[in-house]
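Data block below; observations after.
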């Protein structure tokens, strides 16, 4: 009786066979381009050999002292993939030493591509994915996950150093925004400067457990040490952090006019109310803040204070705390022109949202160095995309109003 064939020898039925792996069109294009690139590299190397040793088999070479000397295995970088190839050799027969090919040496240097690799990692390609993608390209050695990680660390450390050491004396800042961003359990306080021409410049950040006054004061003093000028007046836009507010007073004194974020103030007040009342009171608060002049806004808030007094005394106390600083732009007479950009910390909130998009794949923050490198890398990547603030043509008027306000403060 014949024995049955074992399943291992019979092969799988057609229905159970694994489907062919789909090839990404981009990877397929890379696969087709690599042989072309290698052919170009070989041509460039042969041209250099010809310049050194003359035409093959010619009796009167360009340099009779240099001779072709066979070939050897080598590799070059195409993009950020390391690809093997045969490298021609040239030897100086008089000096009995090999001549290094300049073009081959240049093609072996991956360092200029580190910034490209850095951009790919910060935009969402993980080290593990990078390793896998590299191995899918035939003939390429690729870069291991550890190599990619080391290069990213090296490049991001440079970004961090450059950001924290950037000199600021060349900028004329009219406004400064301060806000926090959480990375893991750490609080990163970020400073954004706005120039008289409306440009947004990332000034730096400091890592802290909370927004306490000592940390914030040291951070602001470091900005001044790097060249931040505030003598002509500075509008500081921030939330209601007491530590941050105290630090602004200690460092800038009367030369800083504080614009408290109206959005934060509104939401803080609303939080004291029952949910059924929140939406209606939110609209009323927003309507009051949208009044074009200081006098009109004060009138509207006078009505609201009476209403809050009946509804919730705690909400009224929250509204009164730092209330005048939420109307600083109104008082300066520029709410209509600059309120859309400077009445809240939305400019920084938008940056924080972009930071979240660039760092969301980091699921575990190992240490402070990692947090600071990633944050600096994200900020450096984001800054060139930032647009001028809306109403920037009125920023010279803001400077004039700040100087007028400063003069009045010194007289009193």
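The values are calculated or read from the model by the stated rules, or taken from the named source; none is laboratory data. Keep in mind that what you see is a predicted model, and the values were worked out from it rather than measured. Backbone-built Cβ (ideal geometry, glycine too); neighbour counts: all protein chains shown.
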Check: From the residues in the stretch 303-326 that are part of a helix (DSSP H, G or I) and in contact (Cβ under 8 Å) with a residue 40 or more places away in the chain, which one is surrounded by the fewest Cβ atoms within 10 Å (Cβ to Cβ)?
Finding: 314
Notebook entry, point to check: Hey, any hits in the stretch 261-282 for a residue that's touching a strand residue (DSSP E or B) at 6+ places or on another chain (Cβ under 7 Å) and assigned by TED's automatic domain parsing to the domain that holds residue 341?
Noted result: yes
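Conditions (1) within 30 Å of residue 277 (Cβ to Cβ); (2) modelled with pLDDT of 90 or more, marked per residue:
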| site | (1), (2) |
| --- | --- |
| 323 | yes, yes |
| 349 | yes, yes |
| 401 | no, yes |
| 411 | no, no |
Note to self: I want to confirm something. Restricting to the stretch 239-265 and keeping residues that are under 24 Å from the mean Cα position of the chain (by Cα) and at pLDDT below 95, which single residue is surrounded by the fewest Cβ atoms within 10 Å (Cβ to Cβ)?
What the structure shows: 239
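Can you tell me which residues in the stretch 339-359 are over 20 Å from residue 292 (Cβ atoms), in contact (Cβ under 8 Å) with a residue 40 or more places away in the chain and more than 10 Å from the chain's Cα centre (by Cα)?
345, 347, 348, 349, listed by residue number.
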Next item on the list: Only strands (runs of 3 or more DSSP E) wholly contained in the stretch 8-123 count here; list those with 2 or more residues that are at pLDDT 55 or above and closer than 30 Å to residue 370 by Cβ.
Entry: 81-92
Next item on the list: Report, by residue number, each residue of the stretch 272-295 that is exposed (fewer than 14 other Cβ atoms within 10 Å of the Cβ) and without any contact (Cβ under 8 Å) to a residue 24 or more places away in the chain.
Entry: 274, 275, 276, 279, 280, 283, 286, 287, 295
Margin query: Looking only at the stretch 213-244, count every residue that is touching a strand residue (DSSP E or B) at 6+ places or on another chain (Cβ under 7 Å) and within 25 Å of residue 318 (Cα to Cα) and tell me the total.
Written below: 8
Next item on the list: Output the number of residues of the stretch 385-410 satisfying the condition of being in a helix (DSSP H, G or I) and out of contact with any helix residue (DSSP H, G or I) (no Cβ under 9 Å at 6 or more places or on another chain).
Entry: 6
Checklist line | Yes/no for residue 180 being modelled with pLDDT under 95, over 21 Å from residue 349 (Cα atoms) and buried (at least 16 other Cβ atoms within 10 Å of the Cβ) | finding: no
Item checked: Residue that is farthest from the chain's Cα centre (by Cα), among those in the stretch 181-194 that are free of Cβ contacts under 8 Å to residues at least 40 places away in the same chain and within 29 Å of residue 397 (Cα to Cα) -> 193
